[in-house]
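Asks: Here's a structure for you.
The values are calculated or read from the model by the stated rules, or taken from the named source; none is laboratory data. From a predicted model like this one, the values you see are computed outputs, not experimental measurements. Neighbour counts are summed over all protein chains in view; Cβ atoms, including those assigned to glycine, are modelled from backbone coordinates with ideal geometry. The protein model used for the area step is the full one, side chains on, heavy atoms only, and it has no ligands, DNA or RNA in it. Shrake-Rupley method; radii C 1.70, N 1.55, O 1.52, S 1.80 Å.
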Amino acid sequence: MLDARPAVVASFAPTPGTAESAQASGPRPNRNPDAIPDGKATNDTKINISVNASVVSDYRFRGVTQSAGRAAVQGSVEVASPVGLYAGTWGSSIAAYEGAHAELDFYGGYRANVSSIDLDIGVISYLYPGANGVSSAEVYLAGAKDVGDATLKLGISYTPHQDALGPGNGVYMFAEAEKPLPGLPLKVRSHIGRETGVNTVTGTPKLDWLLGADARTGPATISLAWVDARYRGRKSQDHHGGSVVAAVAFDF
């Protein structure tokens, strides 16, 4: 991720495919730019293909802009099997980064429901076409549980030592909650994450948070959220200040 070398990273869209409860979404839903892959295991008896296209007012990853505060165009394709295995790719336009103007991620893993907890484990790689020596990879694990009409989620992402990132490794941990508003076609959500190690650049722990709402109509999801991050040692040109991020995503 760009934030791991200099600074730049990604966001993605929600609920592809069919019903929200049977979705298989990509690594960073637009409705939650900080998430790692968070799709649920589907009940389909056939292979499910999910396609998504979206536009965001600012591509933020773990609170840090990857598009220099400008709009970004994003898209994804994911294939999920009935046994829980899945693989996908996700791409976004980004600010110029070491000669690259786009980010292309490839990911794969396994989803299962264990004791009413949706588990998701896998690997994701971050590639930047046109740039040399800046690609990286992470392994991730997330678990989500429904509590009434709310959903609570915990997750962790681990970045092992890689030459492109320099010495050391990195860890990102997060907690999320979302809940529909009674009588309204809205769902509110919150996110807080803590990152340490190579992905913080300075080595100083970083906190990021998000508070937003989604409105879904047909294949479209409209999202609005406040996204922010705080950690020492960053320069103003890194665009880590908080801002409102809007997104429109279409699932096919």
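Asks: Amide H of ASN169: which non-local residues (sequence gap of 5 or more, or other chain) have their own amide H closer than 5 Å, using H built in the peptide plane?
Replies: VAL198
Asks: In addition: Keeping all protein chains in place, calculate the accessible area per residue for the stretch 124-174 (probe 1.4 angstrom), answer in Å².
Replies: Solvent-accessible surface per residue comes out at 47 Å².
Asks: Calculate, in nm to one decimal, what VAL51 and GLN162 gain on full extension: separation in residues at 0.36 nm each, minus their alpha carbon distance.
Replies: Extra length from VAL51 to GLN162 when fully extended: 36.9 nm.
Asks: At what distance in nm do the modelled label points of ALA215 and VAL79 sit from each other, each positioned 7 Å from its Cα along Cα→Cβ?
Replies: 3.8 nm
Asks: Shifting gears a bit: Find the relative contact order for the stretch 76-142 and round it to a whole percent, using C-alpha pairs within less than 8 Å whose residues are 6+ positions apart.
Replies: The value is 25 percent.
Asks: Please give the net charge around GLY130, taking every other residue with its beta carbon less than 13 angstrom from that of GLY130, where Lys and Arg add +1 and Asp and Glu add -1.
Replies: With Lys, Arg at +1 and Asp, Glu at -1, the net is -2.
Asks: Find the lysine pairs in the stretch 128-252 meeting two conditions, Cα atoms under 25 Å apart and a separation of 8 or more places or different chains, and report how many there are.
Replies: Final tally of qualifying lysine pairs is 8.
Asks: From the P(r) of the stretch 39-159, can you give the percent of Cα pairs sitting at distances over 24 Å?
Replies: Looking at the stretch 39-159, the distances longer than 24 Å represent 36 percent of pairs.
Asks: Pull out the extension gain between VAL114 and ALA150, defined as 0.36 nm times the separation in residues minus the alpha carbon to alpha carbon distance; nm, one decimal.
Replies: Extending this stretch completely gives an extra 11.1 nm.
Asks: To the nearest 0.05, what FRET efficiency results for SER125 and LEU184 with a Förster distance of 45 Å applied to their C-beta separation?
Replies: Efficiency at R0 = 45 Å is approximately 0.70.
Asks: In nm, what is the difference between 0.36 nm times the number of residues separating ASN169 and LEU104 and their Cα-Cα distance?
Replies: 21.2 nm
Asks: Based on the Cβ-Cβ distance of ALA177 and ASN132, what FRET efficiency does E = 1/(1 + (r/R0)^6) give at R0 = 35 Å, to the nearest 0.05?
Replies: 0.30
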